[in-house]
Number of protein chains: 2
Amino acid sequence: MSNSVQQAIDLIQETRNHILEDYKQLLRFASIGADPAHAADVKACADWIVAQLQAMGFDNCEAIATGGHPVVYGDWLKAGADKPTVLVYAHYDVQPVDPLPLWHSEPFDAVIRDGKIIARGASDNKAGVWGSLKTFEALLKANGELPVNIKIMFEGEEESGSPSIEGFVQANKARLEADLLLNCDGDFAPEDPRLYYAGRGIVSAQVTARGPKADIHSGLYGGIVQNPLHVAGAIIASFHDAEGRVRLPGYQDALREASPAEKERIAAGFDRDAMLAGAGVTQFWGEAIAPAAERATVHPTLDVNGIWGGYQGPGSKTIIPAEAGFKLTLRIAPDQDPRAVSQLLKRHVESFASDTVSVDCAIGEEAWYFQLETDGPWLEAVQAAIEATVGRRAQLVRTGGSIPILGVFNREIGLPITAFAFGEGEGIHSPNESLDIDSFFTSLEAAVRLYHNLGALGKSSRS
Amino acid sequence: MSNSVQQAIDLIQETRNHILEDYKQLLRFASIGADPAHAADVKACADWIVAQLQAMGFDNCEAIATGGHPVVYGDWLKAGADKPTVLVYAHYDVQPVDPLPLWHSEPFDAVIRDGKIIARGASDNKAGVWGSLKTFEALLKANGELPVNIKIMFEGEEESGSPSIEGFVQANKARLEADLLLNCDGDFAPEDPRLYYAGRGIVSAQVTARGPKADIHSGLYGGIVQNPLHVAGAIIASFHDAEGRVRLPGYQDALREASPAEKERIAAGFDRDAMLAGAGVTQFWGEAIAPAAERATVHPTLDVNGIWGGYQGPGSKTIIPAEAGFKLTLRIAPDQDPRAVSQLLKRHVESFASDTVSVDCAIGEEAWYFQLETDGPWLEAVQAAIEATVGRRAQLVRTGGSIPILGVFNREIGLPITAFAFGEGEGIHSPNESLDIDSFFTSLEAAVRLYHNLGALGKSSRS
């Protein structure tokens, strides 16, 4: 068995250039799920992945239509009934690319520079898609079979809050039946491997304040017509107190305090210097309220992500704008119900409406927090694979981010979930996103070992 | 004399189509002074007007370079030393065109529809340029001479706060010497003629709040990195109290209350229903503080004119943006010193800076209020011309708008100023700006009478 592992690893090393060149094809799809203008790119990307799965010998390969973007499905179930079935999750959609002027190369050119491949989605999360496929391909070529049964589920809506995925999962419970869900959304740094074991939920919304019937002259009307941009400012200012506490009424009512053990794990998993450097700030915000590690992971947040209204061009334009708008996201804590949160957000925001400025708060995503295995044989299979590859076990960390699909699986299916991700990423959700190439190939080795370990476990690990 | 007036009026009516067709040429220059990308259009527009003046027989015609856009100058000084010299002011620059999607035709196409000519600048203030030129042309063609000496001064920076004009006026005091300044920036409704006799000053600024080094992931950093958009919201919210009073510290300290007579004139000149309809609102803002007529004219204001930051595209993007910015203008009251106001604005805004979000407030325009004649022979010449043309005298109104050049003339030259404008406008500073064609030709008739009246006054009206 160990020999077959080495054969697959050797094969990966020998075909390194091919794997990389073919990855550029995947990266060149501008699969921006949030932007309707890119719907065709998202679909083309899904179809391309389906073709890859078919070529590898997977069965039942299909870009399954949903209300939104398709889910890529494919399975290989020939490992035998005594072997576990692993449902592999990743997402092939990517974040928008703005602000484009800050990119040093075109976001979908997939240029290689300084040992990194640079593209929107290179890390988040096409690395999860490509890493999985290339692991299975190497195992199949080296051994003629996989050590476990595999079901692939690659989503196309992760970056836009997975609006269709809850319905998809509910409608496909039999198809998705498995012993373990392996979440491949994340990244893998060989020097400092980390595994997300939990994350926040999310609620997103778009607020529109509408005042005069058109942009009107601020000389003639200044002082007597309420300015919707001022209303937007008042709403935004109402969201936090001076220390950085979200003061949305009722928002923090149901919070439970993390346990001392959990707080310790959170603190251990928080790299203060790296986070400061990553943001380019000299100090954190809100530390008078709680340690930054907890603020960034288990505390609920509210961030305005974008705003617009009136004149944005050069020079000045003396108007009271007809309309102002902004987008916001709330990261919600364990046990916070996203639908309850969205309702109290809507109520609060819309209370700023007046007789002359209307305020509309349109809710977008509503997703629960997620929770993965923190011990047990499945996680041990991951840890042993990582240790055998890079000489150390992964640190379990809680992320402040959200993976809506995992919250859905937690609540709808209830199967165990562990995480394993591919390659070290930079600039996730930012300009010049990149994937470190060496670390990607290191993670492929670890993945070969992981599937071997999972195969060795058999069905016995089923609870 | 009355006969020569009629000849000029007849000539205008006979050449109506020509006047209108040629006006389209003037309107087709995209002379957006505030936008550096349109600097060549502004210059081309100035040169075109110079050529028109030359063709009419004016002397010393020149697009005089300034630090910004040129001033169009030309004179006709052959009326004799016993006749007054009138310095005619209008501006050929126009407001930006955004939001472009709300225009029903291209802003510089100069389409005629429903008796209106539609273009950015059709009313504000190319009508003042064209109306003046066509009046002089008709008088010259009908009579071979003008009843008064004329100096033309058409500005190219009015819509961007006239940054060069104070220096220009200081450097050209001899050239601009005159008995009367006639301000042709405004509009003329035959059914309800109005003359601005005073207006507010203006201070404009652009605020930039900068936080993290790039747009960063709001899941990973939400809660621990201060969001510059929240700071922008807090600044905007700080500008007004709940009733609509500007609460910029010190801003209202030096205000003098308008006299009872002035309040009466303000109230009489304020058309409540027209203003409500013009803004498309059902009620005014801030009436608990003072009557809307005064709030719109003699009270100081602060309006945010535009805002931007972060993601403005479709769907959501989960970021804390690196930067947010907004533009604002303050309309300042009589006796408020714009330079003192800009300093207290800057101080207040920049006080919102923190260790992790910098705040910069860049001051743009700084212009004083202005004050025109409210009685005397010059104004009477205007009133008599209007009455002879439309059967009623103009109502004197105070505007809430600003004409920086007039404040400069008030302070630098001190010569009497009256107003006379051309045609009824709609959508000034808004999409689908238009000029009513019939009213424009009515105002040309009134202008012929006005210059005749001024010529009859002689130098005797000089104080």
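Observations on the model:
- Test: residue in segment A:20-32 that is surrounded by 15 or more Cβ atoms within 10 Å (Cβ to Cβ), farther than 18 Å from A:LEU444 by Cβ and without any contact (Cβ under 8 Å) to a residue 24 or more places away in the chain: no
- Residue in segment A:101-120 that is nearest to A:LEU27 (Cα to Cα), counting only those that are in contact with a helix residue (DSSP H, G or I) (Cβ under 9 Å, 6 or more places away or on another chain) and among the basic types (Lys, Arg): A:ARG120
- In segment A:19-37, the qualifying residues are those that are assigned to a helix (DSSP H, G or I) and more than 16 Å from A:ALA122 (Cα to Cα), and the one that is nearest to the chain's Cα centre (by Cα) is A:PRO36.
- Residues satisfying the stated conditions in segment B:332-366, i.e. touching a helix residue (DSSP H, G or I) at 6+ places or on another chain (Cβ under 6 Å) and either modelled with pLDDT of 95 or more or within 11 Å of chain A (Cβ to nearest Cβ) (or both): B:ILE332, B:VAL349, B:PHE352, B:VAL357, B:VAL359, B:CYS361, B:ILE363
- Candidates in segment B:207-216 are the residues that are at the interface with chain A (Cβ under 7 Å from one of its Cβ atoms) and surrounded by fewer than 23 Cβ atoms within 10 Å (Cβ to Cβ); of these, the one that is nearest to B:GLY310 (Cα to Cα) is B:ALA214.
- Residue that is modelled with the lowest pLDDT, among those in segment B:86-135 that are out of contact with any strand residue (DSSP E or B) (no Cβ under 7 Å at 6 or more places or on another chain), of a type in the set (D, E, K, R) and farther than 30 Å from B:VAL148 by Cα: B:ASP98
- Qualifying residue in segment B:277-296 (condition: closer than 30 Å to B:LEU220 by Cα and over 26 Å from the mean Cα position of the chain (by Cα)): no
- Every condition in (1) part of a strand (DSSP E or B); (2) surrounded by fewer than 20 Cβ atoms within 10 Å (Cβ to Cβ) holds for B:VAL304 except the one numbered (2).
- Among the residues of this structure, A:GLU424 counts as one that is modelled with pLDDT of 95 or more, under 17 Å from the mean Cα position of the chain (by Cα), charged (D, E, K, R) and under 22 Å from A:ASN125 (Cβ atoms).
- One residue from A:GLN283, A:GLN312 being under 30 Å from B:ALA279 (Cα atoms), free of Cβ contacts under 8 Å to residues at least 12 places away in the same chain, within 10 Å of another protein chain (Cβ to nearest Cβ) and polar (S, T, N, Q): A:GLN312
- Scope segment A:293-309; condition more than 7 Å from every other protein chain (Cβ to nearest Cβ) and either of a type in the set (Val, Ile, Thr) or over 30 Å from A:SER259 (Cα atoms) (or both); matching residues: A:THR297, A:VAL298
- The condition (being touching a residue at least 60 places away in the same chain (Cβ under 8 Å), crowded, with 24+ Cβ neighbours inside 10 Å and either outside the structural domain of B:ALA127 (by TED's automatic domain parsing) or farther than 27 Å from B:LEU26 by Cα (or both)) is satisfied by just one residue among B:LEU415, B:LEU454: B:LEU454.
- Top-ranked residue in segment A:407-461 [being among the β-branched types (Val, Ile, Thr) and closer than 28 Å to A:VAL203 by Cα; ranked as farthest from the other protein chains (Cβ to nearest Cβ)]: A:ILE413
- Meets criteria (touching a Lys or Arg at 6+ places or on another chain (Cβ under 9 Å) and in contact (Cβ under 8 Å) with a residue 12 or more places away in the chain) for B:VAL408: no
- Residues that are under 20 Å from A:ALA55 (Cβ atoms), surrounded by 24 or more Cβ atoms within 10 Å (Cβ to Cβ) and within 15 Å of the chain's Cα centre (by Cα) do occur in segment A:128-145, at least one of them.
- Considering residues of segment A:307-322 that are surrounded by fewer than 24 Cβ atoms within 10 Å (Cβ to Cβ) and in contact with a Phe, Trp or Tyr (Cβ under 9 Å, 6 or more places away or on another chain) only, the residue farthest from A:GLY211 (Cα to Cα): A:GLN312
- Conditions (1) in contact with a Ser or Thr (Cβ under 9 Å, 6 or more places away or on another chain); (2) of a type in the set (Asp, Glu); (3) more than 15 Å from B:THR318 (Cβ to Cβ); number of the one not met by A:ASP337: (1)
- Number of the exception - B:MET153 against (1) within 14 Å of chain A (Cβ to nearest Cβ); (2) surrounded by 21 or more Cβ atoms within 10 Å (Cβ to Cβ): (1)
- Scanning segment A:253-280 for residues that are surrounded by 19 or more Cβ atoms within 10 Å (Cβ to Cβ), in contact (Cβ under 8 Å) with a residue 40 or more places away in the chain and part of a helix (DSSP H, G or I) yields A:ARG265, A:ILE266.
- Residue match in segment A:88-99 (condition: of a type outside the set (Asp, Glu), crowded, with 21+ Cβ neighbours inside 10 Å and under 19 Å from A:ASN453 (Cβ atoms)): yes
- Which listed residue is assigned by TED's automatic domain parsing to the domain that holds B:SER443, over 12 Å from the mean Cα position of the chain (by Cα) and surrounded by fewer than 21 Cβ atoms within 10 Å (Cβ to Cβ), from B:ALA171, B:ALA110: B:ALA171
- Within segment B:224-235, residues that are more than 7 Å from chain A (Cβ to nearest Cβ) reach partners that are modelled with pLDDT of 95 or more and part of a helix (DSSP H, G or I) with beta carbons closer than 6 Å, at six or more positions or on different chains, in the pairs B:ILE235/B:VAL349.
- Residue within segment B:381-397 that is at pLDDT below 95, within 14 Å of chain A (Cβ to nearest Cβ) and touching a Gly at 6+ places or on another chain (Cβ under 6 Å) present: yes
- Residues (under 19 Å from A:GLY156 (Cβ atoms) and away from chain B (no Cβ under 14 Å)) located in segment A:90-109: A:ALA90, A:TYR92, A:PHE108
- Residue within segment A:120-140 that is closer than 24 Å to A:ALA456 by Cα, among the β-branched types (Val, Ile, Thr) and in a strand (DSSP E or B) present: no
- Filtering segment A:48-91 to residues that are among the acidic types (Asp, Glu) and within 22 Å of A:PHE422 (Cα to Cα) leaves only A:ASP75.
- Residue among B:LYS116, B:LYS151, B:LYS141 that is out of contact with any Ser or Thr (no Cβ under 8 Å at 6 or more places or on another chain), in the same structural domain as B:PRO84 (by TED's automatic domain parsing) and of a type in the set (D, E, K, R): B:LYS141
The values are calculated or read from the model by the stated rules, or taken from the named source; none is laboratory data. This one's a predicted model, so the numbers in the text were calculated from it and none came from an experiment. Note: ideal-geometry Cβ built from the backbone for every residue, glycine included; neighbour counts use all protein chains shown.
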